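Just so it is clear, none of the values below were taken in a lab; they were calculated from the coordinates. Just so it is clear, the model here is predicted, and its values are computed rather than measured. Cβ coordinates were reconstructed from backbone atoms using ideal geometry, including for glycine residues, and neighbour counts include every protein chain displayed.
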Amino acid sequence: MSRVLRPHHGMCFQFYEGKGYSEDFTDHMGRIIREMETEPSQIIKLQVGTDIVCENCPNNEAGDCTTADKVKKYDEEVLKACGLVEGDEISFAEFTELVREKIIDAGIRSDICGDCSWDYICREKERILRAVRRIFKMESILDEALRRMDDAEEAPQEFLDYQTEIKKLDEYYSSQDWKNDYVMDEDGLLPKDLKRGVLSEDGIYDALERNKELMERIKETRMVKHVILWTLKDELSAEEKAAVKQGIKEGLEGLKGKVPGIVDIKVNINGLESSNADLMLDSTFENIEALKGYSVHPEHVAVADSKVRTYTKIRSCLYFEV
Ligand code: SF4
């Protein structure tokens, strides 16, 4: 047979720490919780009225709670938040999970029972729970970040792809949350076995510094694409345009081997009729420094001055890392 439980007691169970209306009451409530937790698959029937917990309560007057209006409201709000109705039968484990997810994790517990005399206990436990979850999450980001930093040379893209997560670590480190978590740890409020490298003096700082150095190094060694689309001047005849395009192609492609850092350089002069540009430079450089050197290199400047600038009216350009 299912045991009767009033819905709001599902919330009380979450943070119960042995405080209650009388010794008799707390002994009884502690025993009920232990029994439920030992056999979480047992079925409970949800009832807006006195239940198994109320049995030893001094507020229970012959089956009626003296604070009935207040606790009835709690019950109804718990049912609503969990998507349940009075009379529903559900396993204790399932009900506990619903309360955790829909009320505690959703952060609405104090909206439901913030006027309860034990609210201060739940409030403090929720604060610790949030800190533990936050620290746990930041620890996993830190672990993964360190792993990707170790492998950054062999797998730079994997390292770069993790920068959004590393930014979260950076934001956490300079946030009020980090200071609060640190103080909570100092005050001995966090579980002893909680991994908390992120709260150490230099844990995150060292990782962020290392990340900065690696980012700079990778940036220096990343190849850069440099693409230009040109439109030739209108006054040129079709024959002149063909000759200019050929001249630009030979001039720029001929720079490979003369200008350091060019990985590849191609000029496409055979665009389809539907194009609205006349030719395209598609070049790749060893890194951003090589591209900077190319732009001022005398061999390149000579080609640009003699073969390109005089004949072009529109120049659109795109740079990107590869
Ligand atoms: S206060 Fe009311 S609802 Fe709470 S345990 Fe006592 S009798 Fe039950």
Dividing the mean separation of Cα pairs under 8 Å (6+ apart) by the residue count of segment 3-116 yields a relative contact order in percent of 34
Using only the alpha-carbon atoms, how far is helix 68-82 inclined from the longest principal axis of the chain? Give it as 0 to 90 degrees, nearest 10. 30
Which GluC sites (Glu not before Pro) in segment 112-192 sit in a loop by DSSP (not H, G, I, E or B) and have at most 14 other Cβ atoms within 10 Å of their own Cβ? 153, 154
C-alpha long axis of helix 119-150 to longest principal axis of the chain, angle in °: 30
Residues 28, 9 in order from fewest to most other beta-carbon atoms within 10 Å are 28, 9
Magnitude of the Cβ-charge dipole of the chain, K/R +1 and D/E -1, about the Cα centre, nearest 20 debye? 1380
I need 319, 182, 172 ordered by Cβ neighbour count within 10 Å, fewest first. 319, 182, 172
Relative contact order of the chain (C-alpha contacts under 8 Å, at least 6 apart) in percent is 14
Find how many whole Å separate the alpha carbon centroid of segment 78-93 from the alpha carbon centroid of segment 1-36. 17
Cut-off 12 Å between beta-carbons: net charge of the residues surrounding residue 183, Lys and Arg +1, Asp and Glu -1: -3
Whole-Hz ³J(HN,Hα) from phi, Karplus 6.51 cos²θ - 1.76 cosθ + 1.60, for segment 153-161, glycine and proline x: 5, 7, 10, x, 5, 4, 5, 5, 5
Cα→Cβ-extended label distance, 7 Å offset, between residue 137 and residue 39, nm: 3.8
May I ask for the percentage of alpha-carbon pairs in the chain that lie more than 31 Å from each other? 60
Which of 284, 104, 255 sits farthest toward the positive end of the charge dipole of the chain, with +1 on the Cβ of Lys and Arg and -1 on the Cβ of Asp and Glu? 255
Residues whose modelled amide H sits under 5 Å from the amide H of residue 65, counting only those 5 or more places away in sequence or on another chain, are 50
Expected max-MSF residue from 34, 134, 222 in the GNM of the chain (alpha carbon, under 10 Å) is 34
Whole-angstrom gap from segment 179-258 to segment 104-144, using each part's C-alpha centre: 38
Let me know the charge dipole size of segment 1-67 about its Cα centre in debye, to the nearest 20, where only the beta-carbon of Lys, Arg (+1) and Asp, Glu (-1) is charged. 240
Net length gained if the chain between residue 163 and residue 127 were fully extended (0.36 nm per residue, minus Cα distance): 10.1 nm
Of 190, 229, 79, which is the most mobile in a GNM of the chain whose springs link Cα atoms less than 10 angstrom apart? 229
Counting only DSSP beta bridges with both residues in the chain, what percent are antiparallel, rounded to the nearest 5? 85
Counting pairs of alpha carbon atoms under 8 Å apart in space and at least six apart in sequence, what relative contact order in percent does segment 213-310 give? 38
Check which residues have an amide H placed less than 5 Å from residue 223's amide H, if you skip close sequence neighbours. 322
Fewest to most Cβ atoms within 10 Å: 175, 91 sort as 175, 91
